[in-house]
1. Filter the stretch 27-45 for residues that are part of a helix (DSSP H, G or I) and in contact with a helix residue (DSSP H, G or I) (Cβ under 7 Å, 6 or more places away or on another chain) and give the result.
2. Quick one: in the stretch 132-143, of everything that is in a strand (DSSP E or B) and within 13 Å of the chain's Cα centre (by Cα), which residue is nearest to residue 69 (Cα to Cα)?
3. Of all residues in the stretch 50-77, how many are surrounded by fewer than 21 Cβ atoms within 10 Å (Cβ to Cβ), touching a helix residue (DSSP H, G or I) at 6+ places or on another chain (Cβ under 7 Å) and either under 10 Å from residue 162 (Cα atoms) or touching a residue at least 60 places away in the same chain (Cβ under 8 Å) (or both)?
């Protein structure tokens, strides 16, 4: 919340479906288990408004679990359905690495995007996760990161931008990425 305010956004933290329905942009952060998150979104009646927001082409930013929830399914604690707006699944990081993946790691660009303006190849961001997304369509992949093997660390598709890392904990690089998103989606304008 503070990181978004720092880059010039007005933030309303809410679990009110009507507020989500009227939002210009939605940021879905998250830590924890996929199944619990989906159950909470349904219980709070936020699943429909968030899905509708995305389908209408309004700006959406997913952070950590907020990225994973965009995909069709996760295998954390059994199979669970996600929003399904991006094709693919969420699977455990490879068994040869320490889980969870906690700490600083590098971003490797897979395509050009205004969301990465001012971000250098190999810049470090902060991660806390045990699962990774495996998109069916490689063209949605914006960055990858190496942790035992390459995994997708951010995606961009139409109005959707989502990251596996925590931009709010990633200092200059994270703030720059949030600022780029806000500028690209015309949520803030610098004169």
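No value in this document is a laboratory result; all are computed from the given coordinates. Because the structure is predicted, anything quoted here is derived from the model rather than measured. Cβ placement follows ideal geometry from the backbone for every residue including glycine, while neighbour counts extend to all protein chains displayed.
1. Step one: list which residues in the stretch 27-45 are part of a helix (DSSP H, G or I), which gives 34-43.
Passing the criteria: 34, 37, 41.
2. My answer is 133.
3. Total satisfying the criteria: 0.
Yes/no per residue for (1) touching a strand residue (DSSP E or B) at 6+ places or on another chain (Cβ under 6 Å); (2) surrounded by 17 or more Cβ atoms within 10 Å (Cβ to Cβ):
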position	(1), (2)
82	yes, yes
88	yes, yes
95	no, no
123	no, yes
149	no, no
163	yes, yes
171	no, no
183	no, yes
